[in-house]
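Have a look at the structure below before the remarks.
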Amino acid sequence: MALKWPDKNPDQMEDFSVDWSRALRSGETISSVTWNINDTGVNSATPIDGIQVEYPSGLTNTDTVATIRLQSGTVNTKYRVSCIINTSSSRELVQLVYLRVTEGA
């Protein structure tokens, strides 16, 4: 099931997170995180369809939460963001999130 983050203002830089604590098994932690925006891998500071990731410092995680820092964005656009984690138990989990950019957010 996809989640929805609060709308983003294109003029602001904001952090968005996925809390994996409910999906992780007892003692399991996040080993690595991969982000995609509109099915494009986030691997540089190059904007993806108008939205930009603060790369690499804006990609962080704890043992249970993955965070991405986003700036810009095209007004009235809905972005499809996927957060893919690998866990300490060698499981791969995927969470899809939608983010809309609006002027009034």
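A short reminder: the numbers here are calculations on the coordinates, not readings from a lab. If you're wondering where the values come from, they're calculated on a predicted model, not measured in any experiment. Every residue, glycine among them, receives a Cβ derived from its backbone with ideal geometry; neighbour counts consider all protein chains shown.
Descriptive notes on the structure:
- Taking label positions 7 Å along the Cα-Cβ direction at both Y55 and L3, the computed distance is 2.3 nm, reported to one decimal.
- Distance cut-off 16 Å, percentage of C-alpha pairs in the stretch 3-101 lying past it: 53 percent
- Dipole in debye (nearest 20) - the stretch 43-101, about Cα centre, beta carbon charges: Lys, Arg +1; Asp, Glu -1: 200 debye
- Using θ = phi - 60° and Karplus 6.51 cos²θ - 1.76 cosθ + 1.60, couplings along the stretch 15-21 (whole Hz; Gly, Pro as x): 8, 10, 10, 10, 8, 9, 4
- Within a Gaussian network of the chain (alpha carbon springs, distance under 10 Å), most fluctuating of L70, L59, L93: L93
- Label zone at T62 (point 7 Å along Cα-to-Cβ), backbone N below 18 Å, the stretch 9-41: 15-33
- Gaussian network model of the chain, springs between alpha carbon atoms under 10 Å - residue of A66, A23, A45 with greatest fluctuation: A23
- For K8, distant residues with modelled amide H under 5 Å away: R100, V101, T102
- Here's the picture: charge each Lys and Arg Cβ at +1 and each Asp and Glu Cβ at -1 in the chain, and of V81, W35, V94 the one pushed furthest to the positive end of that dipole is V94.
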